[in-house]
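What follows is one structure encoded as structure tokens, with my remarks underneath.
The values are calculated or read from the model by the stated rules, or taken from the named source; none is laboratory data. Computed from a predicted structure; not experimentally measured. For neighbour counting, all protein chains shown are included, and Cβ atoms are generated from backbone atoms with ideal geometry for every residue, glycine included. Just so you know, the surface numbers come from the protein's heavy atoms only, side chains and all, with ligands and any DNA or RNA stripped out. Shrake-Rupley method; radii C 1.70, N 1.55, O 1.52, S 1.80 Å.
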Amino acid sequence: MFELSLSNDSSSGFLVKGNSRSFFDSSLHENVTYSDDRITINGIKYKDEKDVFFETGDYVIFTSGKIYYQLSAFKQTRSLTAAEILDEYLKEKLDFINKIKGNFIILIYSKINSTFYILKDQLGLKYLYYKQAKDKFYIATNLNDFKVGDFDINYSTILEKIIFNYPISTNTFIKDVYMLDQGQIMERTNSVLTIRTYFKVEEFFSN
């Protein structure tokens, strides 16, 4: 999965399907969609990607990037499939994040209670952006998805880019749209969106 978006606002036009993208080639790409009365998730993947989406009666999982076991939990050399990630989650809940590494975005959605978790890799090699407006949320791997309808430019972030050559905060160039930081987990439960950090880059170095 190389693009992913999700929202509980299906009427906003935020969830753009792949065939409306200028790069979309039906011979190479395909859409993957899950929807119920509480959430809609759209993904765009290459047709030869077979293991980035998995669905059961209770869960849906989308993965983007490559995910491997850490040496301390080594089981295999190939990257993990979405089904294997879900199996690890069902056994260890979110603690499974301490067993994996790579460049990834993992989305786990529970159909049972409408809870979802989004896990970002330890070094932030994959990008994920989000916006919350009252009871509505908008999340995507492509920042351009937020240029739907009226939006305002965040000039302070542009100034950061000019001065430091890179934004120094989780703000983006679009006002009220933020970037999920490296080593973080986003959770939405009971209509509340929370973010916590499970890994800091300082952990690579001793005191």
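Its Cα gyration tensor gives the range 1-58 an equivalent ellipsoid, and the semi-axes of that ellipsoid, as √(5λ) in whole Å with the largest first, are 20, 16, 7.
Couplings 3J(HN,Hα) for the range 150-164, derived from phi with the Karplus relation 6.51 cos²θ - 1.76 cosθ + 1.60 (θ = phi - 60°), are 7, 8, 10, 7, 8, 6, 5, 6, 4, 5, 4, 4, 5, 7, 9 Hz, where x marks Gly and Pro. Based on the reciprocal of the average 1/r between different C-alpha atoms, the Kirkwood radius for the range 117-207 equals 14.4 Å.
In the assembled protein chains, Phe54 presents an accessible area of approximately 80 Å² (probe radius 1.4 Å).
Taking 22 Å as the cut-off for C-alpha to C-alpha distance, list the pairs among Lys91/Lys111; Lys175/Lys200; Lys75/Lys200 that go past it.
Numbers: Lys91/Lys111 18 Å; Lys175/Lys200 26 Å; Lys75/Lys200 25 Å.
With Cα atoms farther than 22 Å apart: Lys175/Lys200; Lys75/Lys200.
Labels on offer are [x] 25, 23, 17; [y] 58, 18, 13; [z] 38, 18, 13, and the one holding semi-axes √(5λ) of the Cα gyration tensor in Å computed from this structure is [x]. Residues whose amide H comes within less than 5 Å of that of Tyr59, counting only those at least five positions distant or on another chain, are Lys111 (H built at 1.01 Å from N in the peptide plane). The helix-based estimate of mean residue ellipticity at 222 nm for the chain, built from -39,500 (n - 2.57) per DSSP H run of four or more residues and divided by its residue count, is -3000 deg cm²/dmol to the nearest 500. Calculated FRET efficiency, Lys136 to Asp48, Cβ-Cβ distance, R0 = 22 Å: about 0.05 to the nearest 0.05.
Based on alpha-carbon centroids, what's the gap between the range 171-203 and the range 70-99 in Å, whole number please? Cα centres, the range 171-203 to the range 70-99: 21 Å.
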